[in-house]
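The values are calculated or read from the model by the stated rules, or taken from the named source; none is laboratory data. The structure presented is a predicted model; accordingly, all values stated were derived computationally and were not measured. Here the Cβ positions follow ideal geometry from the backbone for every residue, glycine too, while neighbour counts run over all protein chains shown. Areas reflect the complete protein model, heavy atoms only, side chains present, ligands, DNA and RNA absent. Shrake-Rupley method; radii C 1.70, N 1.55, O 1.52, S 1.80 Å.
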Amino acid sequence: MHGLMMNYPLTLAQILAHAHRIHGDKQVHTLLPDGRVHRYSYAVLYGRVKRLANVLTGFGIRPGDRVATYAANTYQHLELYYAIPCIGAVLHPLNVRLAPTQLAEIVREAEDRLIFVDGAFAAQFAALQQHIDCPHTVIFNGASKMPVGAPLTRYEALISQADDTYAWEIQDENWAMGLCYTSGTSGEPRGVLYTHRSMFLHTLAVNQADAFGLTEADVVLPLVPMYHAMGWGLPYACMFVGADIVLPGAKPARERLVPPLCGGDNPLANLIAETGVTVAAGVPTVWAQAYPELRKRAQDISSLRQLIVGGEAMPPTLIEAYEKELGVEVRHAWGMTEMSPTGTLSTLRRAHQQLSDTEKWKVKAMQGRPVPGVEIRLATESGAELPWDGNTMGEVQVRSHWTARRYYKIEPTAEHFTTDGWLRTGDIATINAEGYMQIVDRAKTLIRSGGESISSVALEAALMKHPQVVEAAVIGVPDEKWGERPLAIIVLTQQADEGTPAALKQHLASEFPKFWIPDRFVFVDEIPKTSVGKSDKRAILAFL
Ligand code: AMP
(Lines give C-alpha, C1' and ligand atoms only; values in the text may rest on other atoms or scores of the structure.)
Protein backbone atom coordinates (compact mmCIF):
# COMPACT_ATOMS: atom_id res chain seq x y z
CA MET A 1 0.00 0.00 0.00
CA HIS A 2 1.37 3.45 -0.91
CA GLY A 3 1.49 6.10 1.81
CA LEU A 4 -0.55 9.24 1.54
CA MET A 5 2.01 11.98 1.76
CA MET A 6 2.46 14.87 -0.62
CA ASN A 7 4.89 14.19 -3.38
CA TYR A 8 5.98 17.05 -5.57
CA PRO A 9 9.31 17.80 -7.23
CA LEU A 10 12.30 18.83 -5.10
CA THR A 11 13.70 21.86 -6.93
CA LEU A 12 16.16 24.65 -6.30
CA ALA A 13 13.38 27.17 -6.92
CA GLN A 14 12.01 26.11 -3.51
CA ILE A 15 15.34 26.96 -1.86
CA LEU A 16 15.33 30.35 -3.56
CA ALA A 17 11.69 31.07 -2.64
CA HIS A 18 12.24 30.01 0.98
CA ALA A 19 15.36 32.17 1.27
CA HIS A 20 13.47 35.16 -0.09
CA ARG A 21 10.29 34.74 1.97
CA ILE A 22 11.80 33.71 5.29
CA HIS A 23 15.24 35.33 5.19
CA GLY A 24 14.74 38.27 2.83
CA ASP A 25 16.77 40.64 5.03
CA LYS A 26 19.86 38.41 5.20
CA GLN A 27 22.95 39.73 3.45
CA VAL A 28 25.30 38.77 0.66
CA HIS A 29 28.67 40.52 1.02
CA THR A 30 31.04 40.54 -1.95
CA LEU A 31 34.58 41.78 -2.08
CA LEU A 32 34.79 43.81 -5.30
CA PRO A 33 37.85 44.05 -7.57
CA ASP A 34 38.60 47.55 -6.22
CA GLY A 35 38.72 46.29 -2.62
CA ARG A 36 35.33 47.65 -1.49
CA VAL A 37 32.68 45.36 -0.01
CA HIS A 38 29.38 45.25 -1.92
CA ARG A 39 26.32 44.31 0.14
CA TYR A 40 22.72 43.55 -0.62
CA SER A 41 19.91 41.48 0.86
CA TYR A 42 18.46 38.15 -0.23
CA ALA A 43 15.34 40.12 -1.21
CA VAL A 44 17.35 42.22 -3.66
CA LEU A 45 19.10 39.09 -4.94
CA TYR A 46 15.70 37.48 -5.52
CA GLY A 47 14.50 40.36 -7.69
CA ARG A 48 17.73 40.29 -9.69
CA VAL A 49 17.53 36.52 -10.17
CA LYS A 50 14.06 36.93 -11.72
CA ARG A 51 15.39 39.62 -14.05
CA LEU A 52 18.33 37.37 -14.91
CA ALA A 53 15.90 34.54 -15.71
CA ASN A 54 14.31 36.86 -18.29
CA VAL A 55 17.75 37.83 -19.61
CA LEU A 56 18.53 34.13 -20.13
CA THR A 57 15.30 33.42 -21.96
CA GLY A 58 15.93 36.59 -23.99
CA PHE A 59 19.15 34.97 -25.23
CA GLY A 60 17.05 32.02 -26.37
CA ILE A 61 18.22 29.75 -23.53
CA ARG A 62 15.77 26.89 -23.20
CA PRO A 63 15.42 24.07 -20.64
CA GLY A 64 18.38 21.72 -20.91
CA ASP A 65 20.73 24.26 -22.53
CA ARG A 66 24.14 24.55 -20.89
CA VAL A 67 25.20 27.99 -19.67
CA ALA A 68 28.78 28.43 -18.50
CA THR A 69 30.29 30.74 -15.92
CA TYR A 70 33.94 31.79 -15.84
CA ALA A 71 33.98 33.60 -12.57
CA ALA A 72 35.19 34.06 -9.01
CA ASN A 73 32.86 33.91 -5.99
CA THR A 74 30.74 37.04 -6.40
CA TYR A 75 27.09 38.04 -6.03
CA GLN A 76 26.64 37.83 -9.80
CA HIS A 77 27.89 34.25 -9.75
CA LEU A 78 25.45 33.51 -6.92
CA GLU A 79 22.61 34.97 -8.99
CA LEU A 80 23.61 32.70 -11.87
CA TYR A 81 23.68 29.74 -9.48
CA TYR A 82 19.93 30.22 -9.07
CA ALA A 83 18.69 31.79 -12.31
CA ILE A 84 20.23 29.22 -14.67
CA PRO A 85 18.86 26.05 -12.99
CA CYS A 86 15.59 27.67 -12.00
CA ILE A 87 14.67 28.29 -15.65
CA GLY A 88 15.52 24.63 -16.35
CA ALA A 89 18.91 25.29 -17.96
CA VAL A 90 22.17 23.73 -16.78
CA LEU A 91 24.71 25.76 -14.82
CA HIS A 92 28.23 24.91 -15.98
CA PRO A 93 30.92 26.59 -13.84
CA LEU A 94 34.30 26.53 -15.62
CA ASN A 95 37.47 26.07 -13.61
CA VAL A 96 39.41 29.25 -14.38
CA ARG A 97 42.64 27.57 -13.33
CA LEU A 98 42.63 25.17 -16.27
CA ALA A 99 44.59 25.92 -19.45
CA PRO A 100 42.63 27.32 -22.43
CA THR A 101 43.13 24.11 -24.45
CA GLN A 102 41.78 21.98 -21.59
CA LEU A 103 38.78 24.26 -21.10
CA ALA A 104 38.11 24.43 -24.83
CA GLU A 105 37.67 20.65 -24.87
CA ILE A 106 35.24 20.88 -21.95
CA VAL A 107 33.22 23.74 -23.48
CA ARG A 108 33.06 21.83 -26.76
CA GLU A 109 31.74 18.70 -25.07
CA ALA A 110 29.26 20.63 -22.92
CA GLU A 111 28.10 22.67 -25.96
CA ASP A 112 27.72 25.78 -23.82
CA ARG A 113 25.41 28.30 -25.48
CA LEU A 114 26.25 31.32 -23.35
CA ILE A 115 29.18 32.22 -21.09
CA PHE A 116 29.13 34.69 -18.19
CA VAL A 117 32.59 36.11 -17.61
CA ASP A 118 33.91 37.83 -14.51
CA GLY A 119 35.86 40.93 -15.53
CA ALA A 120 38.56 39.93 -13.04
CA PHE A 121 39.45 37.15 -15.50
CA ALA A 122 38.84 39.08 -18.71
CA ALA A 123 42.44 38.94 -19.91
CA GLN A 124 42.80 35.20 -19.41
CA PHE A 125 39.35 34.65 -20.89
CA ALA A 126 40.57 36.32 -24.07
CA ALA A 127 43.07 33.45 -24.45
CA LEU A 128 40.30 30.91 -24.04
CA GLN A 129 37.92 32.70 -26.38
CA GLN A 130 40.17 31.98 -29.36
CA HIS A 131 39.63 28.26 -28.82
CA ILE A 132 35.88 28.13 -28.27
CA ASP A 133 32.82 28.61 -30.36
CA CYS A 134 30.14 29.88 -27.99
CA PRO A 135 27.45 32.11 -29.48
CA HIS A 136 27.21 34.70 -26.65
CA THR A 137 29.37 36.19 -23.89
CA VAL A 138 28.17 38.40 -21.05
CA ILE A 139 30.64 40.22 -18.80
CA PHE A 140 30.27 41.56 -15.28
CA ASN A 141 32.66 43.47 -13.01
CA GLY A 142 33.99 45.08 -16.21
CA ALA A 143 37.75 45.24 -16.54
CA SER A 144 40.10 47.49 -18.40
CA LYS A 145 41.12 44.74 -20.80
CA MET A 146 38.01 43.36 -22.44
CA PRO A 147 37.96 40.15 -24.40
CA VAL A 148 37.50 40.50 -28.09
CA GLY A 149 35.80 38.13 -30.49
CA ALA A 150 32.29 36.83 -29.82
CA PRO A 151 29.55 39.40 -29.18
CA LEU A 152 29.97 40.78 -25.68
CA THR A 153 27.22 42.20 -23.50
CA ARG A 154 27.34 43.88 -20.11
CA TYR A 155 25.56 42.11 -17.29
CA GLU A 156 24.23 45.15 -15.45
CA ALA A 157 22.80 46.69 -18.60
CA LEU A 158 20.88 43.49 -19.29
CA ILE A 159 19.63 43.17 -15.71
CA SER A 160 18.45 46.77 -15.53
CA GLN A 161 16.43 46.44 -18.74
CA ALA A 162 14.86 43.07 -17.89
CA ASP A 163 11.36 42.42 -16.58
CA ASP A 164 11.31 41.46 -12.89
CA THR A 165 8.46 38.95 -13.01
CA TYR A 166 9.17 35.29 -13.63
CA ALA A 167 7.29 32.15 -12.63
CA TRP A 168 9.51 29.16 -11.89
CA GLU A 169 8.06 25.97 -13.25
CA ILE A 170 10.38 22.98 -13.06
CA GLN A 171 8.08 19.97 -13.12
CA ASP A 172 10.65 17.20 -12.95
CA GLU A 173 12.99 16.91 -9.97
CA ASN A 174 15.30 14.71 -12.03
CA TRP A 175 15.88 17.55 -14.49
CA ALA A 176 19.57 18.48 -14.82
CA MET A 177 20.59 21.61 -12.88
CA GLY A 178 24.37 21.73 -13.03
CA LEU A 179 27.41 20.32 -14.78
CA CYS A 180 30.87 20.17 -13.25
CA TYR A 181 33.87 18.60 -14.87
CA THR A 182 36.28 16.55 -12.84
CA SER A 183 39.47 14.75 -13.70
CA GLY A 184 38.04 11.23 -13.44
CA THR A 185 40.55 8.67 -12.30
CA SER A 186 43.32 9.30 -14.76
CA GLY A 187 42.91 12.89 -15.78
CA GLU A 188 40.59 12.88 -18.76
CA PRO A 189 37.78 15.41 -18.17
CA ARG A 190 34.45 13.88 -17.16
CA GLY A 191 31.21 15.76 -16.67
CA VAL A 192 29.03 15.20 -13.62
CA LEU A 193 25.44 16.21 -14.32
CA TYR A 194 23.56 17.04 -11.11
CA THR A 195 19.78 17.08 -10.82
CA HIS A 196 17.48 19.39 -8.86
CA ARG A 197 16.63 16.46 -6.64
CA SER A 198 20.25 15.47 -5.97
CA MET A 199 21.26 19.05 -5.12
CA PHE A 200 18.18 19.60 -2.96
CA LEU A 201 18.92 16.45 -0.96
CA HIS A 202 22.64 17.33 -0.73
CA THR A 203 21.60 20.71 0.68
CA LEU A 204 19.50 19.06 3.39
CA ALA A 205 22.27 16.57 4.11
CA VAL A 206 25.09 19.07 4.60
CA ASN A 207 22.89 21.26 6.77
CA GLN A 208 22.59 18.52 9.39
CA ALA A 209 24.09 19.51 12.73
CA ASP A 210 26.84 16.88 12.50
CA ALA A 211 27.70 17.88 8.93
CA PHE A 212 28.31 21.57 8.09
CA GLY A 213 25.73 22.43 10.76
CA LEU A 214 25.00 25.94 9.40
CA THR A 215 22.30 28.06 11.01
CA GLU A 216 20.56 31.37 10.38
CA ALA A 217 22.96 33.00 12.82
CA ASP A 218 26.00 32.13 10.70
CA VAL A 219 28.01 34.29 8.36
CA VAL A 220 29.64 31.91 5.89
CA LEU A 221 32.77 32.57 3.83
CA PRO A 222 33.17 30.07 0.98
CA LEU A 223 36.82 30.38 -0.03
CA VAL A 224 36.34 27.22 -2.07
CA PRO A 225 35.72 28.48 -5.59
CA MET A 226 32.19 28.15 -6.95
CA TYR A 227 33.69 26.28 -9.94
CA HIS A 228 34.89 23.49 -7.63
CA ALA A 229 32.23 20.81 -7.24
CA MET A 230 29.37 23.36 -7.08
CA GLY A 231 31.19 25.35 -4.42
CA TRP A 232 30.68 22.34 -2.10
CA GLY A 233 26.95 23.09 -2.27
CA LEU A 234 27.40 26.16 -0.04
CA PRO A 235 25.49 28.61 -2.28
CA TYR A 236 22.39 26.48 -1.69
CA ALA A 237 23.09 25.34 1.88
CA CYS A 238 23.67 28.90 3.15
CA MET A 239 20.59 30.40 1.58
CA PHE A 240 18.31 27.57 2.69
CA VAL A 241 19.15 28.21 6.35
CA GLY A 242 19.35 31.98 5.91
CA ALA A 243 23.02 32.45 6.76
CA ASP A 244 24.77 35.61 5.54
CA ILE A 245 27.21 34.83 2.73
CA VAL A 246 30.59 36.47 2.23
CA LEU A 247 31.95 36.09 -1.29
CA PRO A 248 35.67 36.82 -1.54
CA GLY A 249 35.90 37.71 -5.25
CA ALA A 250 39.07 37.05 -7.22
CA LYS A 251 42.37 36.89 -5.37
CA PRO A 252 43.69 40.31 -6.44
CA ALA A 253 40.61 41.87 -4.79
CA ARG A 254 41.52 40.24 -1.50
CA GLU A 255 45.00 41.64 -1.76
CA ARG A 256 43.64 45.12 -2.41
CA LEU A 257 41.08 45.00 0.40
CA VAL A 258 41.46 48.32 2.12
CA PRO A 259 41.10 47.89 5.86
CA PRO A 260 38.17 50.26 6.30
CA LEU A 261 37.29 49.35 9.87
CA CYS A 262 39.75 46.91 11.21
CA GLY A 263 43.05 48.69 10.87
CA GLY A 264 45.20 45.66 10.00
CA ASP A 265 47.08 44.74 6.86
CA ASN A 266 45.90 41.16 6.64
CA PRO A 267 43.30 40.73 3.86
CA LEU A 268 41.66 37.54 5.08
CA ALA A 269 41.52 38.66 8.71
CA ASN A 270 40.11 41.99 7.52
CA LEU A 271 37.35 40.30 5.62
CA ILE A 272 36.50 38.08 8.60
CA ALA A 273 36.52 41.01 11.00
CA GLU A 274 34.64 43.34 8.64
CA THR A 275 31.78 40.92 7.96
CA GLY A 276 31.75 38.86 11.18
CA VAL A 277 32.44 35.51 9.48
CA THR A 278 31.53 32.55 11.70
CA VAL A 279 32.21 29.65 9.30
CA ALA A 280 34.77 29.53 6.47
CA ALA A 281 35.31 26.77 3.92
CA GLY A 282 38.39 25.94 1.87
CA VAL A 283 41.07 23.38 1.04
CA PRO A 284 43.92 22.65 3.51
CA THR A 285 46.45 24.60 1.41
CA VAL A 286 44.39 27.76 1.91
CA TRP A 287 44.30 27.21 5.66
CA ALA A 288 48.00 26.36 5.84
CA GLN A 289 48.84 29.60 4.03
CA ALA A 290 46.38 31.67 6.05
CA TYR A 291 47.42 30.37 9.45
CA PRO A 292 50.53 32.51 10.07
CA GLU A 293 48.61 35.61 8.97
CA LEU A 294 45.57 34.82 11.07
CA ARG A 295 47.73 34.09 14.07
CA LYS A 296 49.51 37.43 14.08
CA ARG A 297 46.49 39.50 12.99
CA ALA A 298 45.70 42.82 14.57
CA GLN A 299 41.97 42.41 13.96
CA ASP A 300 39.35 40.78 16.11
CA ILE A 301 38.47 37.52 14.36
CA SER A 302 36.79 35.97 17.38
CA SER A 303 33.54 35.60 15.39
CA LEU A 304 35.13 32.70 13.47
CA ARG A 305 33.91 29.49 15.11
CA GLN A 306 34.38 26.77 12.47
CA LEU A 307 36.35 25.78 9.38
CA ILE A 308 35.00 23.36 6.80
CA VAL A 309 38.01 21.72 5.15
CA GLY A 310 38.17 19.19 2.35
CA GLY A 311 39.54 18.38 -1.09
CA GLU A 312 42.72 16.99 0.45
CA ALA A 313 43.75 15.51 3.77
CA MET A 314 43.94 18.09 6.56
CA PRO A 315 47.15 17.41 8.56
CA PRO A 316 46.57 16.85 12.31
CA THR A 317 49.14 19.55 13.13
CA LEU A 318 47.11 22.13 11.22
CA ILE A 319 43.91 21.01 12.92
CA GLU A 320 45.70 21.43 16.23
CA ALA A 321 46.97 24.88 15.24
CA TYR A 322 43.48 26.15 14.40
CA GLU A 323 41.72 24.52 17.34
CA LYS A 324 44.33 25.22 20.01
CA GLU A 325 45.79 28.55 18.96
CA LEU A 326 42.77 30.17 17.31
CA GLY A 327 39.92 28.37 19.06
CA VAL A 328 38.30 27.46 15.73
CA GLU A 329 36.66 24.06 15.34
CA VAL A 330 37.84 22.14 12.26
CA ARG A 331 35.35 20.00 10.33
CA HIS A 332 37.32 17.81 7.97
CA ALA A 333 35.27 16.46 5.07
CA TRP A 334 35.95 14.08 2.20
CA GLY A 335 34.08 13.97 -1.04
CA MET A 336 34.27 14.15 -4.79
CA THR A 337 32.76 16.19 -7.61
CA GLU A 338 30.79 13.00 -8.34
CA MET A 339 29.24 13.22 -4.85
CA SER A 340 27.97 16.83 -5.09
CA PRO A 341 30.57 16.68 -3.33
CA THR A 342 30.02 15.68 0.31
CA GLY A 343 30.64 12.10 1.41
CA THR A 344 32.12 11.85 4.90
CA LEU A 345 32.94 14.21 7.72
CA SER A 346 35.01 13.81 10.83
CA THR A 347 33.07 15.08 13.81
CA LEU A 348 33.69 13.59 17.24
CA ARG A 349 31.37 11.10 18.87
CA ARG A 350 30.23 11.55 22.48
CA ALA A 351 32.58 8.69 23.35
CA HIS A 352 35.53 10.76 22.08
CA GLN A 353 34.95 13.60 24.53
CA GLN A 354 37.08 11.86 27.16
CA LEU A 355 40.10 11.57 24.83
CA SER A 356 43.10 13.84 25.16
CA ASP A 357 43.25 16.79 22.76
CA THR A 358 45.97 15.07 20.73
CA GLU A 359 43.84 11.97 20.33
CA LYS A 360 40.85 14.08 19.34
CA TRP A 361 42.89 15.80 16.60
CA LYS A 362 43.89 12.38 15.30
CA VAL A 363 40.22 11.43 14.97
CA LYS A 364 39.50 14.71 13.23
CA ALA A 365 42.35 14.18 10.79
CA MET A 366 40.59 11.05 9.53
CA GLN A 367 38.16 11.62 6.69
CA GLY A 368 35.34 10.59 9.01
CA ARG A 369 31.97 8.93 8.92
CA PRO A 370 29.45 9.07 6.07
CA VAL A 371 27.03 11.96 6.22
CA PRO A 372 23.60 10.39 6.86
CA GLY A 373 22.28 9.46 3.43
CA VAL A 374 25.69 8.31 2.14
CA GLU A 375 26.66 4.63 2.15
CA ILE A 376 30.30 3.56 1.95
CA ARG A 377 32.05 0.23 1.69
CA LEU A 378 35.57 -1.07 1.17
CA ALA A 379 36.29 -3.52 -1.61
CA THR A 380 39.14 -5.45 -3.19
CA GLU A 381 40.05 -4.94 -6.85
CA SER A 382 37.78 -7.89 -7.72
CA GLY A 383 34.88 -6.39 -5.73
CA ALA A 384 34.94 -8.52 -2.55
CA GLU A 385 33.80 -6.53 0.48
CA LEU A 386 36.39 -5.92 3.21
CA PRO A 387 35.99 -5.62 6.99
CA TRP A 388 35.83 -2.36 8.95
CA ASP A 389 38.68 -3.12 11.34
CA GLY A 390 40.77 0.02 10.98
CA ASN A 391 43.59 -1.97 9.31
CA THR A 392 42.34 -3.61 6.15
CA MET A 393 42.84 -1.38 3.15
CA GLY A 394 40.54 -1.36 0.17
CA GLU A 395 38.99 0.85 -2.45
CA VAL A 396 36.19 3.08 -1.18
CA GLN A 397 32.90 2.60 -2.99
CA VAL A 398 29.94 4.89 -2.37
CA ARG A 399 26.24 5.27 -2.99
CA SER A 400 23.92 8.17 -2.18
CA HIS A 401 21.03 10.17 -3.60
CA TRP A 402 23.54 12.85 -4.58
CA THR A 403 26.19 10.63 -6.22
CA ALA A 404 26.55 10.35 -10.02
CA ARG A 405 25.38 7.10 -11.58
CA ARG A 406 27.29 7.79 -14.79
CA TYR A 407 29.28 10.57 -16.47
CA TYR A 408 27.90 12.98 -19.03
CA LYS A 409 28.07 11.58 -22.58
CA ILE A 410 30.14 8.56 -21.44
CA GLU A 411 28.74 5.06 -21.05
CA PRO A 412 29.33 3.72 -17.51
CA THR A 413 32.35 1.42 -17.33
CA ALA A 414 33.47 -1.12 -14.72
CA GLU A 415 36.42 1.18 -13.98
CA HIS A 416 34.05 3.76 -12.46
CA PHE A 417 30.84 1.96 -11.47
CA THR A 418 30.17 -1.48 -10.00
CA THR A 419 27.57 -3.80 -11.48
CA ASP A 420 25.31 -3.15 -8.45
CA GLY A 421 25.44 0.59 -9.08
CA TRP A 422 28.03 1.96 -6.62
CA LEU A 423 30.66 4.56 -7.56
CA ARG A 424 34.28 3.40 -7.43
CA THR A 425 36.10 6.37 -5.93
CA GLY A 426 39.69 5.36 -6.69
CA ASP A 427 40.58 6.25 -3.09
CA ILE A 428 42.17 3.57 -0.91
CA ALA A 429 41.20 3.64 2.77
CA THR A 430 40.67 1.81 6.00
CA ILE A 431 37.43 2.08 7.98
CA ASN A 432 37.41 1.44 11.71
CA ALA A 433 34.74 -0.24 13.78
CA GLU A 434 33.17 3.16 14.59
CA GLY A 435 32.77 3.84 10.84
CA TYR A 436 35.59 6.41 10.53
CA MET A 437 37.28 6.25 7.16
CA GLN A 438 40.95 7.10 6.71
CA ILE A 439 42.27 7.63 3.21
CA VAL A 440 45.69 5.99 2.91
CA ASP A 441 46.39 6.00 -0.81
CA ARG A 442 44.95 6.66 -4.23
CA ALA A 443 44.44 3.97 -6.87
CA LYS A 444 43.84 6.68 -9.45
CA THR A 445 46.82 8.26 -11.11
CA LEU A 446 46.10 11.80 -10.03
CA ILE A 447 48.29 14.18 -8.07
CA ARG A 448 46.45 16.50 -5.64
CA SER A 449 48.02 19.92 -5.37
CA GLY A 450 46.36 22.77 -3.52
CA GLY A 451 43.02 20.96 -3.71
CA GLU A 452 43.20 20.55 -7.50
CA SER A 453 43.91 17.41 -9.51
CA ILE A 454 46.88 17.13 -11.82
CA SER A 455 46.93 14.25 -14.28
CA SER A 456 50.24 12.42 -14.30
CA VAL A 457 49.05 10.43 -17.33
CA ALA A 458 48.39 13.59 -19.36
CA LEU A 459 51.75 15.08 -18.37
CA GLU A 460 53.57 11.85 -19.24
CA ALA A 461 51.87 11.69 -22.65
CA ALA A 462 52.81 15.30 -23.37
CA LEU A 463 56.41 14.79 -22.25
CA MET A 464 56.71 11.76 -24.49
CA LYS A 465 55.85 13.97 -27.46
CA HIS A 466 59.08 15.91 -26.91
CA PRO A 467 61.68 14.71 -29.45
CA GLN A 468 64.37 14.17 -26.79
CA VAL A 469 62.21 12.17 -24.38
CA VAL A 470 62.32 8.38 -24.59
CA GLU A 471 60.31 7.66 -21.46
CA ALA A 472 58.61 9.74 -18.77
CA ALA A 473 56.95 9.07 -15.43
CA VAL A 474 55.34 11.78 -13.34
CA ILE A 475 54.74 11.22 -9.64
CA GLY A 476 53.36 13.28 -6.77
CA VAL A 477 55.86 14.07 -4.03
CA PRO A 478 54.84 15.44 -0.63
CA ASP A 479 55.02 19.22 -0.38
CA GLU A 480 54.52 21.27 2.74
CA LYS A 481 52.69 24.13 1.04
CA TRP A 482 50.64 22.37 -1.66
CA GLY A 483 50.16 18.86 -0.24
CA GLU A 484 51.76 17.29 -3.31
CA ARG A 485 53.73 18.57 -6.29
CA PRO A 486 54.50 16.77 -9.55
CA LEU A 487 58.02 15.52 -10.21
CA ALA A 488 59.06 14.13 -13.60
CA ILE A 489 61.49 11.25 -14.10
CA ILE A 490 62.80 11.24 -17.62
CA VAL A 491 64.89 9.03 -19.89
CA LEU A 492 66.41 11.18 -22.64
CA THR A 493 67.83 10.34 -26.05
CA GLN A 494 70.96 12.25 -25.10
CA GLN A 495 72.70 13.64 -22.02
CA ALA A 496 70.67 16.32 -20.22
CA ASP A 497 72.22 19.76 -20.04
CA GLU A 498 71.49 22.84 -17.93
CA GLY A 499 68.77 24.05 -20.27
CA THR A 500 66.86 20.74 -20.48
CA PRO A 501 64.42 21.29 -17.56
CA ALA A 502 63.51 24.75 -18.84
CA ALA A 503 62.96 23.38 -22.36
CA LEU A 504 60.69 20.63 -21.01
CA LYS A 505 58.74 23.12 -18.90
CA GLN A 506 58.23 25.31 -21.93
CA HIS A 507 57.11 22.29 -23.94
CA LEU A 508 54.39 21.61 -21.32
CA ALA A 509 53.36 25.24 -20.88
CA SER A 510 51.37 25.38 -24.11
CA GLU A 511 49.05 22.59 -22.99
CA PHE A 512 48.78 22.85 -19.22
CA PRO A 513 48.22 25.47 -16.51
CA LYS A 514 51.24 26.70 -14.59
CA PHE A 515 50.43 24.73 -11.45
CA TRP A 516 50.57 21.45 -13.44
CA ILE A 517 54.18 21.95 -14.57
CA PRO A 518 56.57 19.72 -12.58
CA ASP A 519 58.87 21.63 -10.25
CA ARG A 520 61.65 19.08 -10.62
CA PHE A 521 62.97 16.90 -13.42
CA VAL A 522 65.15 13.89 -12.61
CA PHE A 523 67.06 12.32 -15.50
CA VAL A 524 67.71 8.57 -15.28
CA ASP A 525 68.93 5.76 -17.54
CA GLU A 526 65.92 3.59 -16.86
CA ILE A 527 62.55 3.91 -15.09
CA PRO A 528 61.77 1.07 -12.61
CA LYS A 529 58.82 -1.06 -13.76
CA THR A 530 56.17 -3.17 -12.02
CA SER A 531 55.60 -6.82 -12.96
CA VAL A 532 53.06 -5.73 -15.58
CA GLY A 533 55.46 -3.26 -17.13
CA LYS A 534 53.99 -0.03 -15.71
CA SER A 535 56.21 2.63 -14.15
CA ASP A 536 56.66 1.55 -10.55
CA LYS A 537 55.89 4.82 -8.82
CA ARG A 538 56.46 3.44 -5.34
CA ALA A 539 59.95 2.20 -6.33
CA ILE A 540 60.68 5.60 -7.89
CA LEU A 541 59.62 7.37 -4.70
CA ALA A 542 61.81 5.08 -2.59
CA PHE A 543 64.72 5.60 -4.98
CA LEU A 544 64.42 9.40 -4.69
P1 AMP B 1 37.49 16.40 -6.71
O2 AMP B 1 36.42 15.66 -7.42
O3 AMP B 1 38.36 17.23 -7.61
O4 AMP B 1 36.95 17.18 -5.57
O5 AMP B 1 38.51 15.33 -6.10
C6 AMP B 1 38.05 14.30 -5.27
C7 AMP B 1 39.23 13.61 -4.68
O8 AMP B 1 39.95 14.48 -3.81
C9 AMP B 1 38.87 12.43 -3.80
O10 AMP B 1 38.56 11.27 -4.54
C11 AMP B 1 40.14 12.29 -2.97
O12 AMP B 1 41.14 11.63 -3.68
C13 AMP B 1 40.54 13.74 -2.77
N14 AMP B 1 40.02 14.23 -1.47
C15 AMP B 1 38.92 14.98 -1.25
N16 AMP B 1 38.78 15.26 0.07
C17 AMP B 1 39.81 14.66 0.70
C18 AMP B 1 40.22 14.56 2.07
N19 AMP B 1 39.57 15.16 3.05
N20 AMP B 1 41.33 13.82 2.33
C21 AMP B 1 42.02 13.21 1.34
N22 AMP B 1 41.69 13.28 0.05
C23 AMP B 1 40.60 13.99 -0.29
key: Accessible carbon and sulfur surface of the range 35-204 relative to its total accessible area, %, 1.4 Å   = 50
task = Using a 1.4 angstrom probe on heavy atoms only, work out the carbon and sulfur share of the accessible area of the range 389-544 in %.
result = 51
request  = Go through 352-359, 308-315 and give me the packing order, highest mean Cβ count within 10 Å leading.
outcome  = 308-315, 352-359
task = Assuming a ≥ b ≥ c are the square roots of the Cα gyration tensor eigenvalues, decide whether the range 311-405 counts as rounded (a/c under 1.5), prolate (otherwise, with a/b larger than b/c) or oblate.
result = prolate
request  = Would you give the gap between the C-alpha center of the range 329-357 and the C-alpha center of the range 184-226, rounded to a whole Å?
outcome  = 15
note = Applying the gyration tensor rule to the Cα atoms of the range 446-543 (axes a ≥ b ≥ c; rounded if a/c under 1.5, else prolate if a/b exceeds b/c, else oblate), the class is oblate
key: Estimated vicinal HN-Hα couplings, Hz - the range 349-359 in sequence order (Karplus 6.51, -1.76, 1.60; Gly, Pro = x)   = 8, 4, 4, 7, 4, 7, 6, 6, 4, 4, 5
Solvent exposure, largest accessible area first (probe 1.4 Å, DNA, RNA and ligands not counted), of 340, 183 = 183, 340
note = Each label sits 7 Å from Cα toward the beta-carbon; between residue 303 and residue 157 the label points are separated, in nm, by 3.7
inquiry  = Quick check on the chain: helices-only [θ] at 222 nm, where DSSP H runs of length 4 and up contribute -39,500 (n - 2.57) each and the sum goes over total residues. Nearest 500, please.
reply    = -8000 deg cm²/dmol
query = Rounded to the nearest 10 Å², what accessible area does residue 475 show when all protein chains are kept and the probe is 1.4 Å?
reply = 10
request  = Determine the sum of side-chain charges near residue 351: Lys and Arg each +1, Asp and Glu each -1, restricted to other residues whose C-beta is under 13 angstrom from that of residue 351.
outcome  = +2
ask   = So how exposed is residue 10, as accessible area in Å² (1.4 Å probe, rounded to 10)?
value = 40
note = As a percent rounded to 5, the proportion of antiparallel DSSP bridges among beta bridges in the range 28-158 is 20
query = Measuring from label point to label point, each 7 Å out along Cα→Cβ, what is the residue 357 to residue 524 span in nm?
reply = 4.3
query = Among all the aspartates and glutamates, which ones have a C-alpha under 15 Å from residue 324's C-alpha, if same-chain residues fewer than 8 places away are not counted?
reply = 357, 359
key: Summed side-chain charge close to residue 449 - residues other than residue 449 whose Cβ falls under 9 Å, Lys, Arg +1, Asp, Glu -1   = -2
inquiry  = Only four residue types carry charge here, +1 at the Cβ of Lys and Arg and -1 at the Cβ of Asp and Glu. Report the dipole size of the chain about the Cα centre in Debye, rounded to the nearest 20.
reply    = 600
query = Counting Lys and Arg as +1 and Asp and Glu as -1, what is the net charge of the other residues whose Cβ lies under 11 Å from the Cβ of residue 192?
reply = +2
request  = Among 382, 176, 57, pick out the residue whose Cα is farthest towards the positive end of the charge dipole of the chain, where Lys and Arg carry +1 and Asp and Glu carry -1 on C-beta, about the Cα centre.
outcome  = 57
For the chain: accessible area per residue (Å², 1.4 Å) = 43
request  = Give, to the nearest whole percent, the P(r) tail of the chain beyond 31 angstrom, counting all Cα pairs.
outcome  = 48
key: Separation of alpha-carbon centers, the range 28-69 and the range 268-314, rounded to whole Å   = 27
note = Too long for a 24 Å Cα-Cα cut-off, among 362/481; 360/444; 465/537; 50/251; 251/514; 251/444, are 360/444; 50/251; 251/444
